[in-house]
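K.L.:
A single structure is presented below for examination.
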Amino acid sequence: MRRGIGVLGLLVASPMAVAAQVHTVGASSTHTTIADALAAAADGDMILLEPGTYSECLVVSQNLSIIGYD
């Protein structure tokens, strides 16, 4: 009986998975530059680029997706 309680305690104490966030970049979005979105992003997040030209020098150090759409 004690063994079952220990396993239950372990499951309850385990951290929950955090959902990925979507960061949209564009003139009418929360982020106006890709660099701003990268600064707010974490591993697993997605950055969506609205149509346009983005002239930036970037270093991507997170494991994330950058996707452009029409």
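Residues are listed down the side, and each one gets a yes or a no for (1) modelled with pLDDT of 90 or more; (2) exposed (fewer than 14 other Cβ atoms within 10 Å of the Cβ):
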{"position": "15", "(1), (2)": "no, yes"}
{"position": "18", "(1), (2)": "no, yes"}
{"position": "27", "(1), (2)": "yes, yes"}
{"position": "44", "(1), (2)": "yes, no"}
{"position": "51", "(1), (2)": "yes, yes"}
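K.L.:
From the set of residues in the stretch 56-70 that are touching a Pro at 6+ places or on another chain (Cβ under 9 Å) and assigned to a loop (DSSP other than H, G, I, E, B), which is modelled with the highest pLDDT?
P.N.:
Here is the first cut: in the stretch 56-70, the ones touching a Pro at 6+ places or on another chain (Cβ under 9 Å) are 68-70.
Narrowing further to those that are assigned to a loop (DSSP other than H, G, I, E, B): 69-70.
Numbers: 69: 87, 70: 82.
The residue in question is 69.
K.L.:
Can you tell me which residue is modelled with the lowest pLDDT among those in the stretch 29-42 that are open to solvent by less than 100 Å² (accessible area, probe 1.4 Å) and part of a loop (DSSP other than H, G, I, E, B)?
P.N.:
Going residue by residue through the stretch 29-42, those that are open to solvent by less than 100 Å² (accessible area, probe 1.4 Å) are 29, 31-42.
So of that shortlist, the ones also part of a loop (DSSP other than H, G, I, E, B) come out as 29, 32-33, 41-42.
On the way: 29: 93, 32: 96, 33: 97, 41: 97, 42: 96.
Here the residue is 29.
The values are calculated or read from the model by the stated rules, or taken from the named source; none is laboratory data. Just so we're clear, the structure is a prediction, and the values are computed from it rather than from any experiment. A quick note on method: Cβ atoms are made from the backbone with ideal geometry, for glycine too, and the neighbour counts reach across all protein chains shown. With ligands, DNA and RNA removed, areas are computed over all heavy atoms of the protein, side chains included. Shrake-Rupley method; radii C 1.70, N 1.55, O 1.52, S 1.80 Å.
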